[in-house]
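The values are calculated or read from the model by the stated rules, or taken from the named source; none is laboratory data. Small disclaimer: the values here were computed from a predicted structure and weren't measured. Every residue, glycine among them, receives a Cβ derived from its backbone with ideal geometry; neighbour counts consider all protein chains shown.
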Amino acid sequence: MPWRLIGLALVLVVFLAFTGFNLGNRCDISFVFWTVKDVPVFLPIFASFVLGLLCAIPFAVSLSRKQSGKKLGKEDLPQEGGPEDLSAGGPYGVD
């Protein structure tokens, strides 16, 4: 547990350093009919990161649902034939 806290602290330090070094860098953001002027560079970068995370959430949820539904035990697996099936083309019926 303390490693997660240390990792979070390091991420926050890097984020704050990035923000501090880019406060003077400004850009204009254009939304087709509307332009926001003199926005610090870190804000659109941070907003893009957050929007990317929000777009990835449905995919992560659907993947976890698929994986939880596919948990099979040994009794659920198909049984393969023994050596006697090899003369008949094996367990897959291939001659």
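Looking at region 62-80, can you tell me whether even one residue there is surrounded by 10 or more Cβ atoms within 10 Å (Cβ to Cβ), of a type in the set (Ser, Thr, Tyr) and either at pLDDT 85 or above or out of contact with any His (no Cβ under 9 Å at 6 or more places or on another chain) (or both)?
Yes.
Tally the residues that are assigned to a helix (DSSP H, G or I) and of a type in the set (D, E, K, R), restricting the search to region 1-33.
Within region 1-33, residues that are assigned to a helix (DSSP H, G or I) and of a type in the set (D, E, K, R) number 1.
Going through region 25-44 one residue at a time, which ones are under 25 Å from Val11 (Cα atoms) and without any contact (Cβ under 8 Å) to a residue 24 or more places away in the chain?
Selection gives Asn25, Arg26, Cys27, Val39, Pro40, Val41, Leu43, Pro44.
Of the numbered conditions (1) loosely packed, with under 10 Cβ neighbours inside 10 Å; (2) at pLDDT below 90, Val32 satisfies every one except a single condition; which is it?
Just one mismatch for Val32, condition (2).
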